[in-house]
Amino acid sequence: MRDRLFGTNGVRGVVNEDMNVQLAMNLGRAIGEFMSGKVALATDTRTSGQMLKSAVSCGLMASGSDVIDLGIVPTPALQYFVRTNPVKGGVMITASHNPPEFNGIKCVDADGTEMPREKEEQIESIYFQGSFKHRDWSAVGCQLPPVNAIEPYAAAIRSLVDVEVIKEAGMSVVLDCANGAGSTCAPDLLDTLGVRAVTLNCNPQGKFPGHPSEPTPDHLGDLISLVRETDAAMGIAQDGDADRSIFVDEEGTYLFGDKSLSIVSRFAVREKKGIVVTPVSSSSCVEDVVREEGGEILYTKVGAPIVARKMIEVDAVFGGEENGGLIFPQHQYCRDAAMTAAKMLEIVARYGPLSELVKDVPVYSLDKRKIRCPDSEKQRVLNEVASRQGDLKVDTTDGLKVYFDDGWTLIRPSGTEPIMRIYSEGKSQQSANDRGERYENLVRDLLSDGQ
Ligand code: MG
């Protein structure tokens with residue numbers, strides 16, 4: 001039996017197998033016991049969304065919570081609704097970028113942030129103990145009338161960008177929502193920003209017929225071709241629940257998320273000097289750009305909720321992950337695809353074209369490896385690697401990061417699998433690969449020593 005439900009992004013599983021109605025209903029009851037009050041619910045476009053939402057909703061009402069159904073909306077639109085309305089929290093039914101047979105249940109705290117681990121543990125403990133309070137018939141919750149959460153969310157985004165500057169630029173773009181939740185928001189948002197959008201996969205369809213819902217280069221061939229064939233200022237691709245946006249420049253070049261994170265960081269720091277927060281695994285190009293603009297970088301463990309909470313703690317000017325999950329503190333402390341797209345449009349309208357902005361971001365090469373490593377060996381191996389680093393500068397924020405003249409290597413145990421990841425960044429591919437190989441050999445030697 002599972003002793004832990006929540007992973008790094010809520011509870012996930014294959015529908016009607018480990019993600020089934022019984023789990024969803026009992027988890028709904030546990031969430032209701034924990035939140036005890038009004039709860040907002042939403043789904044992405046997955047075909048199982050309605051089934052799981054109904055089950056969670058039944059559990060919530062059995063625990064005495066009233067439920068507000070927002071329908072299909074981006075995860076950040078639910079988060080915005082929760083923060084700006086008198087509710088105790090939210091539940092999002094989504095598996096983000098996973099294949100369509102998966103679905104998941106993710107909790108949103110009353111302040112609109114992703115629920116911190118300590119609170120998830122409390123919900124887990126209510127779930128596993130089945131310690132549901134007895135309530136008589138008069139104490140059950142009800143379903144409140146449906147609410148449009150998209151319009152206030154989109155209005156908030158418009159209030160944080162210079163709509164006139166965007167309109168005056170007269171841009172056209174290609175937008176790909178991967179048939180996901182972004183379809184319910186992004187096309188209209190772009191329209192109200194005066195941007196002409198050629199839309200691809202912007203009809204909500206839960207089997208993701210256009211392409212898998214992770215915006216990787218191999219899934220965005222159509223978007224890239226259309227950008228090349230038209231005079232689009234950029235291509236914008238969102239993941240399945242629209243908390244991440246990835247960009248293609250006007251020449252049709254796919255930009256990995258470290259580039260957009262760097263570009264938006266640059267202008268955030270230029271506007272208002274301060275701290276930018278990102279996980280230790282992010283490319284040094286982000287730090288270079290932030291320092292160049294007179295800002296400071298602060299590294300955290302990997303995970304968007306951790307980045308968001310650190311941003312609140314240090315009053316950061318900006319933050320995010322290099323998978324396209326950017327966090328705008330003026331808006332809300334969570335990743336937000338529509339806000340990211342609107343900000344990038346403003347930046348390109350003012351300072352573009354996008355291909356030129358990318359040229360100002362330093363280029364690093366990355367080497368990624370993973371090695372099987374039993375959970376019981378992870379800490380010992382890390383300690384042994386750490387003890388062999390001599391005078392090199394190390395950082396133990398998450399795993400072990402070792403700094404070199406031309407880059408760094410991060411050795412990080414996976415939190416969910418028996419795997420040790422080794423990421424090496426360097427000024428050339430050769431140096432990244434060489435270091436990757438050296439550390440892989442070291443970890444393998446240490447693993448065989450322990451046997
Ligand atoms: Mg997502």
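For region 414-440, enumerate the residues that are modelled with pLDDT of 95 or more and closer than 13 Å to Cys373 by Cα. The answer is Met420, Arg421, Ile422, Glu440.
When we screen Lys343, Lys301 for residues that are under 25 Å from Thr8 (Cβ atoms), away from the ligand (no atom under 16 Å from the Cβ), open to solvent by 10 Å² or more (accessible area, probe 1.4 Å) and of a type in the set (Lys, Arg), the only hit is Lys301.
Would you please name the residue that is nearest to the ligand (Cβ to nearest atom), looking only at residues in region 75-93 that are β-branched (Val, Ile, Thr) and under 21 Å from Thr45 (Cα atoms)? Steps first, answer last, please.
Filtering region 75-93 for residues β-branched (Val, Ile, Thr) gives 75, 82, 84, 87, 91, 93.
In the following step, the residues that additionally are under 21 Å from Thr45 (Cα atoms) were identified as 75, 82, 91, 93.
Values: Thr75: 6, Val82: 17, Val91: 15, Ile93: 13 Å.
That would be Thr75.
Here are some residues: Gly7, Gly49, Gly28. Which one is within 16 Å of the ligand (Cβ to nearest atom), in contact (Cβ under 8 Å) with a residue 24 or more places away in the chain, open to solvent by less than 10 Å² (accessible area, probe 1.4 Å) and within 25 Å of the chain's Cα centre (by Cα)? Exactly one residue qualifies, and that residue is Gly49.
A quick yes/no check of all residues on (1) within 19 Å of Val276 (Cβ to Cβ); (2) in contact with a Leu (Cβ under 7 Å, 6 or more places away or on another chain); (3) within 15 Å of the ligand (Cβ to nearest atom):
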position: Val227; (1), (2), (3): no, no, no
position: Met234; (1), (2), (3): no, yes, no
position: Asp239; (1), (2), (3): no, no, yes
position: Arg244; (1), (2), (3): yes, no, yes
position: Val248; (1), (2), (3): no, yes, no
position: Gly252; (1), (2), (3): no, no, no
position: Asp258; (1), (2), (3): yes, no, no
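Quick one: is Gln330 surrounded by fewer than 21 Cβ atoms within 10 Å (Cβ to Cβ), farther than 23 Å from Ser283 by Cβ and out of contact with any His (no Cβ under 6 Å at 6 or more places or on another chain)?
Answer is yes for this residue.
Residue check: Ala155 meets all listed conditions (1) buried (at least 20 other Cβ atoms within 10 Å of the Cβ); (2) under 22 Å from His331 (Cβ atoms) but one, namely (1). Considering region 326-365 alone, what residues qualify as being within 26 Å of Ser96 (Cβ to Cβ) and touching a Gly at 6+ places or on another chain (Cβ under 8 Å)? Correct list: Leu326, Ile327, Pro329, Gln332, Tyr333, Cys334, Arg335, Ala337, Ala338, Thr340. Checking each residue in region 166-178 for being surrounded by 14 or more Cβ atoms within 10 Å (Cβ to Cβ) and farther than 26 Å from Asp241 by Cα picks out Lys167, Ala169. Report yes if Thr253 is surrounded by fewer than 19 Cβ atoms within 10 Å (Cβ to Cβ) and either touching a helix residue (DSSP H, G or I) at 6+ places or on another chain (Cβ under 8 Å) or not acidic (Asp, Glu) (or both), otherwise no. So Thr253 passes the test.
Every test in (1) under 17 Å from the mean Cα position of the chain (by Cα); (2) open to solvent by 50 Å² or more (accessible area, probe 1.4 Å) is passed by Arg369 save one, and that test is (1).
Checking Phe132, Phe128 one by one, the residue that is in a helix (DSSP H, G or I) and either of a type in the set (Asp, Glu) or closer than 27 Å to Gly13 by Cβ (or both) is Phe128 and no other.
From the list Asp69, Asp44, the lone residue that is open to solvent by less than 10 Å² (accessible area, probe 1.4 Å), acidic (Asp, Glu) and either under 25 Å from His331 (Cβ atoms) or within 23 Å of the chain's Cα centre (by Cα) (or both) is Asp44. Exactly one residue out of Pro204, Pro215 is part of a loop (DSSP other than H, G, I, E, B), away from the ligand (no atom under 14 Å from the Cβ) and in the same structural domain as Ala342 (by TED's automatic domain parsing): that is Pro204. Ser183 fulfils the conditions (1) within 16 Å of the ligand (Cβ to nearest atom); (2) under 18 Å from Ala349 (Cα atoms) except for a single criterion, (2). Are any residues in region 302-321 modelled with pLDDT under 95 and in a loop (DSSP other than H, G, I, E, B), and if so, which ones? Correct list: Val302, Gly303. If only residues of region 94-108 that are in a loop (DSSP other than H, G, I, E, B) and within 12 Å of the ligand (Cβ to nearest atom) are counted, the one that is most open to solvent (accessible area, probe 1.4 Å) is His97. The number of residues in region 374-417 being charged (D, E, K, R), open to solvent by 70 Å² or more (accessible area, probe 1.4 Å) and either in a helix (DSSP H, G or I) or out of contact with any helix residue (DSSP H, G or I) (no Cβ under 8 Å at 6 or more places or on another chain) (or both) comes to 5. Would you point out the residue of region 182-202, among those that are touching a Gly at 6+ places or on another chain (Cβ under 9 Å) and open to solvent by 40 Å² or more (accessible area, probe 1.4 Å), that is farthest from Ile150 (Cα to Cα)? Among those that are touching a Gly at 6+ places or on another chain (Cβ under 9 Å) and open to solvent by 40 Å² or more (accessible area, probe 1.4 Å), it is Arg196. Residues being of a type in the set (D, E, K, R) and closer than 13 Å to Lys343 by Cα: count how many of those fall in region 147-163. Residues meeting the conditions: 2.
The values are calculated or read from the model by the stated rules, or taken from the named source; none is laboratory data. These numbers come from a predicted model, not from an experiment. FYI the Cβ positions are ideal-geometry reconstructions off the backbone, even for glycines, and counts take in every protein chain you see. Ligands, DNA and RNA are excluded from the accessible area calculation, which covers all protein heavy atoms including side chains. Shrake-Rupley method; radii C 1.70, N 1.55, O 1.52, S 1.80 Å.
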